[in-house]
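Report on the following structure.
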Amino acid sequence: MTGPLFNPGDAFKGYVVEKALGSGASGTVWLVRHEFLDTLFAMKTMDAGPDAGRDERAKRFVREAKLASRIRHPNLAEVHDAGYDPERGLYYLVMDYVEGDTLRTALALGGAMEEDRAVDTILQVCDVLALAGRFGMVHRDLKPENIIITRNGSAMLLDFGIAKATERLDSLVTVANTVFGTPGYIAPEQAADSSAVNPSADVYSLGIILFEMLTGRTPWNGKSPVAILAESLGPEEVPDVRTINPSVSAETADILRRMCAKKAEERLQSADVVIEEFAKCGHRAKITNGRKAAADEKEESMDDLLAKYAGAAPDDSPAPARRSKFPWLAIAIAVAIGAVAAFALLFLLVMP
């Protein structure tokens, strides 16, 4: 296919294309208008390619649509439609169009945020992750580019495109030994073995984001993705946030320290725990909890979800092979050798 996939005014599946919003390794996002409702939506597309049935990106795209459709939360873009178009050879996913700026843009324009606002933003994201945890989902690529600050100041979480359903889903749909995540935000154990992560990996990423929101910078001094990754995998813990911003409360600094612990077993273990810890010192998300995902539906087991969304019975799939554990510095060297792949993952999908 030559030229753009869509041009403004093109009709597709009951929607009219307005413009392209952005693109990345996981697809292109378009602003579309429903032909009859006259409502704006965001449509994510991915070219299936000649081997769509075996293509890992296609599998992850389909998985994102199916798993994301299970979750209803005011801080998560809701999925309205999805499918495959054989004529154009692409998968598509239609979701809420969220107006606002990425947290990355907000930080670039405004610098460090006040503590209450920063913590509130993190708690809103935690609430989404806590709900996703009900389905065994770990995001794996939390970063400022994947959080939208809306016009009313609420936080919207984007892109579950490389989310991992825990237990055995990775053995079904993820390339073995592939590192998912973004240098500087990825948890050390995730850099070592992406198939072995649990919710505490997302807690680490959120901790780095909170550090950046409170200080206007990340904890790292490296100037390249490889240098940043090597530093984040090194033995030294993330510095006390108050050495950069003394106005941060001791309570928030302590929670942040435990979110960013490099050893997973020493870290706060889930978004639920982060919410509980901040509640102890009076911080609660201002956006009311909107946990609506299948709240009134019959609970499905993880095996049911795996069979339904991975397209294979879980019992037929072997558990993923675990890589041996290496010292942090050895991991840094190994990942540095594969820096090109890690650098490419910096741009999985950024919505403006």
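The values are calculated or read from the model by the stated rules, or taken from the named source; none is laboratory data. Every value quoted in this text rests on a predicted model; they were computed, and no experiment measured them. Because the Cβ atoms are built from the backbone with ideal geometry, glycine has one as well, and the counts that use them run over all protein chains shown.
Take the residues of segment 232-247 that are crowded, with 16+ Cβ neighbours inside 10 Å and modelled with pLDDT under 90: which is nearest to Phe278 (Cα to Cα)? That would be Ser232. The lone criterion from (1) assigned by TED's automatic domain parsing to the domain that holds Gly282; (2) part of a helix (DSSP H, G or I) left unmet by Ala65 is number (1). If the condition is being over 19 Å from His80 (Cα atoms), touching a Phe, Trp or Tyr at 6+ places or on another chain (Cβ under 8 Å) and assigned to a strand (DSSP E or B), then segment 21-43 contributes only Gly24. Checking each residue in segment 95-131 for being basic (Lys, Arg) and closer than 25 Å to Ala42 by Cα picks out only Arg104. Selection within segment 89-100: residues that are of a type outside the set (A, V, I, L, M, F, W, C) and buried (at least 16 other Cβ atoms within 10 Å of the Cβ). The member of this set that is farthest from Gly282 (Cα to Cα) is Tyr91.
Residues are listed down the side, and each one gets a yes or a no for (1) under 24 Å from Pro183 (Cα atoms); (2) in the same structural domain as Pro74 (by TED's automatic domain parsing); (3) of a type in the set (A, V, I, L, M, F, W, C):
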| residue | (1), (2), (3) |
| --- | --- |
| Arg104 | yes, no, no |
| Thr121 | yes, no, no |
| Ala130 | yes, no, yes |
| Arg134 | no, no, no |
| Val138 | yes, no, yes |
| Ile149 | yes, no, yes |
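Checking Leu142, Leu131, Leu103 one by one, the residue that is buried (at least 16 other Cβ atoms within 10 Å of the Cβ), in contact with a His (Cβ under 6 Å, 6 or more places away or on another chain), touching a residue at least 60 places away in the same chain (Cβ under 8 Å) and not acidic (Asp, Glu) is Leu131 and no other.
This table checks each residue for (1) buried (at least 20 other Cβ atoms within 10 Å of the Cβ); (2) more than 22 Å from Val125 (Cβ to Cβ).
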| position | (1), (2) |
| --- | --- |
| Ile208 | yes, no |
| Glu212 | yes, no |
| Ala230 | yes, yes |
| Ser249 | no, no |
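Checking each residue in segment 48-88 for being farther than 23 Å from Arg140 by Cβ and at pLDDT 70 or above picks out His80, Asp81, Gly83, Tyr84, Asp85, Pro86, Glu87, Arg88.
Looking at the structure I just gave you, is Met95 in contact (Cβ under 8 Å) with a residue 24 or more places away in the chain and either under 17 Å from Leu158 (Cβ atoms) or not aliphatic (A, V, I, L, M) (or both)?
yes
Would you pick out the residues in segment 133-155 that are more than 11 Å from the chain's Cα centre (by Cα) and on the phi < 0 side of the Ramachandran plot? Spell out how you get there, then give the answer.
Filtering segment 133-155 down to residues more than 11 Å from the chain's Cα centre (by Cα) leaves 133-136, 148-155.
Residues satisfying the conditions are Gly133, Arg134, Phe135, Ile148, Ile149, Thr150, Arg151, Asn152, Ser154, Ala155.
Consider Ala42 carefully, then state whether it is under 18 Å from the mean Cα position of the chain (by Cα), at pLDDT 90 or above and either over 27 Å from Arg151 (Cβ atoms) or not assigned by TED's automatic domain parsing to the domain that holds Arg134 (or both). In short, yes.
Let's see how each residue does on (1) acidic (Asp, Glu); (2) touching an Asp or Glu at 6+ places or on another chain (Cβ under 9 Å); (3) at pLDDT 85 or above:
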residue: Asp10; (1), (2), (3): yes, no, yes
residue: Lys13; (1), (2), (3): no, yes, yes
residue: Val17; (1), (2), (3): no, yes, yes
residue: Leu21; (1), (2), (3): no, no, yes
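Taking segment 179-267 as the region of interest, the helices (runs of 4 or more DSSP H) fully inside it that hold 2 or more residues being under 27 Å from Met137 (Cβ atoms) and of a type in the set (Phe, Trp, Tyr) are 199-215.
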